[in-house]
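This report concerns only the one structure given below.
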Amino acid sequence: MTDRRKVIFDTDIGDDDAIALTACLLSENIEIIGITTVHGNLPIEYVNDNALRMVSFFKKDIRVYQGCRQPLVRHLNKGREKTTLMQTVKKVVAGRLVRIHAETLPLPEAVSKIEKTHAVSFIVDTLRNTTEKIDICAVGPLTNIGAALTLDKDIIKNIGTIYIMGGGLYMGNRTPVGEANFYDDPEAAEIVLTSGADILVCPLESCEQSATYTREDLDIIRALNNPAADFIYNVLDGYIKRGMVLFGGNDECCAYDYAAVAPLLDPGVNIEVRKDIAHVDFSGGMADGQLVIDRRNFGVWKANASIIYQQSSQKVHDLLLNLLRKYK
Ligand code: RIB
Ligand code: CA
């Protein structure tokens with residue numbers, strides 16, 4: 001048995017997910033034992049294809065399992081989309097649909113195919129039968145993880161830590177207070193955060209503080225001059241350009257999901273982490289999907305999730321550069 005931590009990587013693989021997955025695939029500290037796809041950034045077929053392209057490109061014998069193509073229940077209430085001020089994440093420009101996330105990653109076609117086993121079945125069966133704890137990187141809506149915990153709550157005894165990109169401390173992105181992953185499936189997020197599993201959440205502000213990439217950062221990555229670095233450069237370059245088309249703003253982007261998984265690869269990147277009483281609003285109103293942290297000190301309720309309040313931007317950036325530098 002190797003001492004590499006075993007990891008299930010759950011993703012709606014868009015651009016920042018691709019940065020996170022690359023770092024995990026290149027790290028010698030962990031072993032990804034399966035990739036599970038979920039709705040979110042893109043329709044599930046695109047997510048499947050992007051995940052398969054990545055394992056083919058990095059020549060990894062890792063199986064990809066299709067997960068839930070829609071949230072647990074939020075879509076049943078048609079009014080929920082109309083109860084808040086939504087961010088535009090796609091629009092037609094010059095007759096072409098532009099999404100914030102690339103529908104197809106800049107990689108050659110995949111050589112492997114999606115598994116027949118459903119992602120939620122894979123998660124439950126793997127966690128039921130493992131002889132060692134397994135970590136989960138959850139960087140999309142939490143639908144698959146929420147469904148797995150609903151099927152069999154006991155699997156938490158074999159979960160090490162669930163590393164989650166989600167929530168906003170002071171503001172959202174998809175809505176004024178809702179961050180995309182939590183907003184896209186609030187019920188699943190609440191199930192996961194209150195499951196009793198060991199949870200480490202990296203909210204928007206912490207990701208933006210540690211994993212924002214500027215043109216200067218991209219030039220440093222490109223100078224590494226190897227296929228993995230070129231891929232990361234191309235992903236971030238496209239992410240920046242599409243962000244400017246959709247949102248305007250600066251010539252930079254944030255690799256949210258990479259910030260969330262960085263502590264798995266190097267716990268030293270975290271500066272401030274606090275275990276809080278954390279919930280997700282699923283009432284379907286203006287605050288739908290909001291991360292709600294109870295900072296009152298009543299002592300009545302138990303803290304249930306660790307929140308990353310600050311990471312070292314230098315260490316987060318250096319971690320990725322060092323992994324890319326070693327790529328052969
Ligand atoms: O809000 C950022 C999150 O939503 C990231 O996981 C990004 O990939 C999108 O899924
Ligand atoms: Ca994501």
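The values are calculated or read from the model by the stated rules, or taken from the named source; none is laboratory data. Keep in mind that what you see is a predicted model, and the values were worked out from it rather than measured. A quick note on method: Cβ atoms are made from the backbone with ideal geometry, for glycine too, and the neighbour counts reach across all protein chains shown.
Some observations on this one:
- Scanning region 1-31 for residues that are away from ligand 2 (no atom under 16 Å from the Cβ), in a loop (DSSP other than H, G, I, E, B) and not hydrophobic (A, V, I, L, M, F, W, C) yields T2, D3, R4, S27, E28, N29.
- Against the test of being closer than 26 Å to L26 by Cβ and away from ligand 2 (no atom under 14 Å from the Cβ), the options D230, D251, D257 yield a single qualifying residue, D230.
- Scan of region 82-104 for residues that are closer than 20 Å to I44 by Cα and either in contact (Cβ under 8 Å) with a residue 24 or more places away in the chain or surrounded by 10 or more Cβ atoms within 10 Å (Cβ to Cβ) (or both), ordered by number: T88, V89, K90, K91, V98, R99, I100, H101, A102, E103, T104
- In the set S27, S56, only one residue is surrounded by fewer than 20 Cβ atoms within 10 Å (Cβ to Cβ) and in contact with an Asp or Glu (Cβ under 9 Å, 6 or more places away or on another chain); that residue is S56.
- The lone exception for N322 - which of (1) assigned to a helix (DSSP H, G or I); (2) at pLDDT below 95 it fails: (2)
- In region 63-73, the qualifying residues are those that are more than 19 Å from G166 (Cβ to Cβ) and surrounded by fewer than 20 Cβ atoms within 10 Å (Cβ to Cβ), and the one that is farthest from the chain's Cα centre (by Cα) is R63.
- Any pair with Cβ under 7 angstrom, 6 or more apart, that starts in region 117-139 at a residue that is buried (at least 20 other Cβ atoms within 10 Å of the Cβ) and ends at one that is modelled with pLDDT under 95: none
- Candidates T126, T175 - the one that is over 13 Å from the mean Cα position of the chain (by Cα) and in a loop (DSSP other than H, G, I, E, B): T175
- Those residues of region 138-161 which are of a type in the set (V, I, T) and under 19 Å from Q290 (Cα atoms), in sequence order: V139, T143, I145
- Conditions (1) over 23 Å from D185 (Cα atoms); (2) β-branched (V, I, T); (3) out of contact with any helix residue (DSSP H, G or I) (no Cβ under 8 Å at 6 or more places or on another chain): number failed by V316: (3)
- Residues in region 146-166 that are of a type in the set (A, V, I, L, M) and more than 13 Å from ligand 2 (Cβ to nearest atom): A147, A148, L149, L151, I155, I156, I159, I162.
- Number of residues in region 135-145 that are within 16 Å of ligand 2 (Cβ to nearest atom) and out of contact with any Cys (no Cβ under 7 Å at 6 or more places or on another chain): the value is 7.
- Scanning region 239-257 for residues that are over 24 Å from I164 (Cα atoms) and either buried (at least 18 other Cβ atoms within 10 Å of the Cβ) or within 16 Å of ligand 1 (Cβ to nearest atom) (or both) yields R242, L246, F247, G249.
- Within region 60-81, tally of residues that are part of a loop (DSSP other than H, G, I, E, B) and without any contact (Cβ under 8 Å) to a residue 40 or more places away in the chain: 4
- Unmet requirement for I44, which otherwise passes all of (1) within 14 Å of ligand 2 (Cβ to nearest atom); (2) crowded, with 21+ Cβ neighbours inside 10 Å; (3) not polar (S, T, N, Q): (2)
- Residue selection: D185 fails the criterion of being surrounded by fewer than 19 Cβ atoms within 10 Å (Cβ to Cβ) and more than 9 Å from ligand 1 (Cβ to nearest atom).
- Out of I164, I145, I156, one residue alone is outside any loop (DSSP other than H, G, I, E, B) and surrounded by fewer than 21 Cβ atoms within 10 Å (Cβ to Cβ). It is I156.
- Residue among T117, T130 that alone is out of contact with any strand residue (DSSP E or B) (no Cβ under 7 Å at 6 or more places or on another chain) and within 30 Å of S195 (Cβ to Cβ): T130
- Of all residues in region 32-41 being away from ligand 2 (no atom under 11 Å from the Cβ) and aliphatic (A, V, I, L, M), the one that is farthest from K241 (Cα to Cα): I33
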